[in-house]
Amino acid sequence: MSVKEMQALQKGSFVKENGNILGMGKIKEIRTGSVVVEFFSSPVSRQDVEIPFEALRPLGRLQPKTRCFVYIEALARWCAGRIEQYDAATSEYQVKFPEGTLPGNVRLLSVPTAEVYVRWNRPLTDAVSMLAETLQETA
């Protein structure tokens, strides 16, 4: 990773490790020479991994249609949605949720980057937690 890329890293930024074995994660803490990356499996399963700077690459913004998870305070629950677009001025994503997920049949919601989560590449070890949160999608 270049010096410029290292300087651009900040808490909450999405990154991947160079081998892309673990997939996408979010920077939780920046240390001297390394970064603690939080990998999201489900709302009840997250794993922190310390990764050297040189083994990381920043992702910038998430691509449209990326499946994501957001905790909606007003509903007191996690909801699954898809990225529609990114607003660089506000550092927020427009997230589209399935019909009937949000009150008043609202489908789009602006969500700060820090509140958007994307699953890593590892398989679920506890699928029941995702089912309990009703985060599955129809086929």
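The values are calculated or read from the model by the stated rules, or taken from the named source; none is laboratory data. In this text, all values refer to a predicted model and were calculated from it rather than measured experimentally. When we count neighbours, we look across all protein chains shown, and the Cβ atoms used for this are built from the backbone with ideal geometry, even at glycine. These area figures cover heavy atoms from the full protein model, side chains too; ligands, DNA and RNA do not enter into them. Shrake-Rupley method; radii C 1.70, N 1.55, O 1.52, S 1.80 Å.
Within the stretch 91-136, track down each residue that is at pLDDT 85 or above and in a loop (DSSP other than H, G, I, E, B).
Passing the criteria: Ser91, Phe97, Pro98, Glu99, Gly100, Thr101, Leu102, Val106, Arg107, Val118.
I need a count of the residues in the stretch 8-64 that are loosely packed, with under 13 Cβ neighbours inside 10 Å, within 15 Å of Arg119 (Cβ to Cβ) and of a type in the set (Val, Ile, Thr).
Going through the stretch 8-64 one residue at a time, the tally reaches 2.
Quick one: in the stretch 18-72, of everything that is in contact with a strand residue (DSSP E or B) (Cβ under 8 Å, 6 or more places away or on another chain) and on the phi > 0 side of the Ramachandran plot, which residue is modelled with the highest pLDDT?
Lys65
Could you list, in sequence order, the residues of the stretch 76-121 that are over 17 Å from Thr66 (Cα atoms) and either open to solvent by less than 60 Å² (accessible area, probe 1.4 Å) or not hydrophobic (A, V, I, L, M, F, W, C) (or both)?
Matches in the stretch 76-121: Arg77, Thr90, Glu99, Gly100, Thr101, Leu102, Pro103, Gly104, Asn105.
Applying the selection to the stretch 83-104, what residues are in contact (Cβ under 8 Å) with a residue 24 or more places away in the chain and either within 14 Å of Glu115 (Cβ to Cβ) or among the polar types (S, T, N, Q) (or both)?
Within the stretch 83-104, Ile83, Tyr86, Tyr93, Val95 qualify.
So which of Ala76, Ala80 is hydrophobic (A, V, I, L, M, F, W, C) and free of Cβ contacts under 8 Å to residues at least 40 places away in the same chain?
Ala76
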